[in-house]
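Have a look at the structure below before the remarks.
The values are calculated or read from the model by the stated rules, or taken from the named source; none is laboratory data. It should be emphasised that the depicted structure is a prediction, and the values quoted were computed from it without experimental measurement. Methodologically, a virtual Cβ is constructed for each residue, glycine included, from the backbone with ideal geometry; neighbour enumeration extends over all protein chains shown. Ligands, DNA and RNA are excluded from the accessible area calculation, which covers all protein heavy atoms including side chains. Shrake-Rupley method; radii C 1.70, N 1.55, O 1.52, S 1.80 Å.
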Amino acid sequence: KAGVTQTPRYLIKTRGQQVTLSCSPISGHRSVSWYQQTPGQGLQFLFEYFSETQRNKGNFPGRFSGRQFSNSRSEMNVSTLELGDSALYLCASSPGTPSTGELFFGEGSRLTVL
Amino acid sequence: AQRVTQPEKLLSVFKGAPVELKCNYSYSGSPELFWYVQYSRQRLQLLLRHISRESIKGFTADLNKGETSFHLKKPFAQEEDSAMYYCALSRNSGNTPLVFGKGTRLSVIA
């Protein structure tokens, strides 16, 4: 099976712009979770989707949003980018509930905000 | 709210020495606990989970509810164990996201 695929792998934006990141989960996986990874804070939970419904949301401002499509692919969007949004954004998929199963991570999308 | 604390940002040990990566959690209910590992230039991946009580790559971890800890141990460190290790917790009730600690970088010195 192909692993979790994230695009783009690298991107550079300037403050005030917006960005959309994409995630294709492992075939058959219905749950997609997003995390922000930074050296100082580690992995911080953004949101989790299951069957096109957002089931959980982390403590991030409303500028961070996401969605999941009927084929389980997911996108996240960050509007009005700030310097502090520079991070590696990781997507992970699982067959069902993340808490009871293994999360399979993608390689991440590295966002740099100038 | 649940919280995971990994007190060491960096842990350096010599090859063949024992390793213990500390993880403490804060949660009043019944937790599910995991260790994830990220080797250089590889994806973050599950190492082991407490419920399976297994040993992976020589690593074990025991859930101590009294001390709210889930330390990762290996009796003899190998150079290939050098990586970033994350402890993660979820509520046993399900339908909750995994909460990760900030991670500990293990460096095994030859």
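Before moving on, here are some points about what is shown:
- Take every DSSP beta bridge whose two residues both sit in the protein assembly as shown; close to 90 percent of them are antiparallel.
- Positive minus negative residues near B:Gly101 (Lys, Arg vs Asp, Glu; Cβ under 10 Å): +3
- Region B:3-109, relative contact order [Cα under 8 Å, separation at least 6], %: 39 percent
- Heavy-atom accessible area with a 1.4 Å probe sorts B:Lys102, B:Lys74, B:Lys22, B:Lys65, largest first, into B:Lys65, B:Lys102, B:Lys22, B:Lys74.
- Intensity falloff of the protein assembly as shown expressed as log10 I(q)/I(0), Debye formula with alpha-carbon point scatterers, at q = 0.09, 0.11, 0.14, 0.17 Å⁻¹: -0.36, -0.54, -0.87, -1.22
- Surface composition of region B:3-109: carbon and sulfur make up 48 percent of the accessible area, probe 1.4 Å.
- Protection-proxy order for peptides B:38-47, A:66-75, each taking the mean of Cβ atoms within 10 Å per residue, highest first: A:66-75, B:38-47
- Rg/Rh for chain A (Cα atoms only, Rh after Kirkwood) is 0.95.
- Taking the Cα centre of region B:3-109 as reference, the dipole from Cβ charges on Lys and Arg (+1) and Asp and Glu (-1) amounts to some 220 debye.
- Radius ratio Rg over Rh of region B:15-110, counting only Cα atoms, Kirkwood formula for Rh: 0.97
- Inter-chain Cβ neighbour count for B:42-49, averaged per residue, equals 4 (cutoff 10 Å, partner chain atoms only).
- DSSP bridge pairs, region B:3-109: antiparallel proportion in percent, nearest 5: 85 percent
- Where trypsin sites (Lys or Arg not before Pro) fall in DSSP loop in region A:1-33, at most 16 other Cβ within 10 Å: A:Lys1, A:Arg9, A:Arg15, A:Arg30
- When the pairs B:Lys9/B:Lys57; A:Lys13/B:Lys22; A:Lys13/B:Lys74; A:Lys57/B:Lys57; A:Lys57/B:Lys74; A:Lys13/B:Lys57 are compared against a 31 Å limit on Cα-Cα distance, A:Lys13/B:Lys22; A:Lys13/B:Lys74; A:Lys57/B:Lys57; A:Lys57/B:Lys74; A:Lys13/B:Lys57 fall above it.
- Net charge over other residues, Cβ less than 15 angstrom from the Cβ of A:Gly42 (K, R count +1; D, E count -1): +4
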